[in-house]
Amino acid sequence: MKKLIFILVIGLFLVYGCETSNEDKPKDSEEETGFGGITKQQCNGSGGYWNECGSPCAGTDAEMCIQVCQVQCECGGIAGFSCPKGYKCRLTGKIADERGVCIKE
């Protein structure tokens, strides 16, 4: 009898531990914002390029840069991406058709 109760208790822990959590799922009402507070909808609506994993040093002309992903709205480049109203394109100006990042004016 003790073995049966022990197995049931362990089974309950396993079943409870395997349930998925709803906390990790993003809500539909939440908007993802990137560098400078721009949302994906603002970026795409203004003709920018939404990059989920951009460089935090884009347009800064930094000698060295940490290699991490930063969500950002990219601008410039040969495709002529633009920024939303109230933002400007940060470029180094050293490369023709350079792609930069939208920042607040």
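Adding -39500 (n - 2.57) for every DSSP H run of four residues or longer, then dividing by how many residues the chain holds, sets the calculated 222 nm ellipticity at -6500 deg cm²/dmol. For the chain, the longest principal axis of the Cα atoms and the long axis of helix 2-17 meet at an angle of about 20 degrees. Scanning the chain for trypsin sites (Lys or Arg not before Pro) lying in DSSP loops with no more than 14 further Cβ atoms inside 10 Å, the longest uninterrupted stretch between such sites is 28-84.
This structure gives Cα extents along the principal axes in Å, computed directly, and of [x] 78, 33, 22; [y] 65, 49, 18; [z] 38, 27, 23 that value is listed as [x]. Normalising the average separation of contacting C-alpha pairs (under 8 angstrom, six or more residues apart) by the number of residues puts the relative contact order of region 32-104 at 33 percent. The H on the amide N of GLU98, modeled in the peptide plane, is under 5 Å from the matching H of GLY77, each at least 5 residues off or on a different chain.
Any read-out appearing in this document is the output of simple, stated calculations on the displayed coordinates, not a laboratory observation. What you see is a predicted model, and the numbers here were worked out from it, not measured in a lab. With ideal geometry, Cβ positions are generated from the backbone for all residues, glycine too; neighbour counts draw on all protein chains shown.
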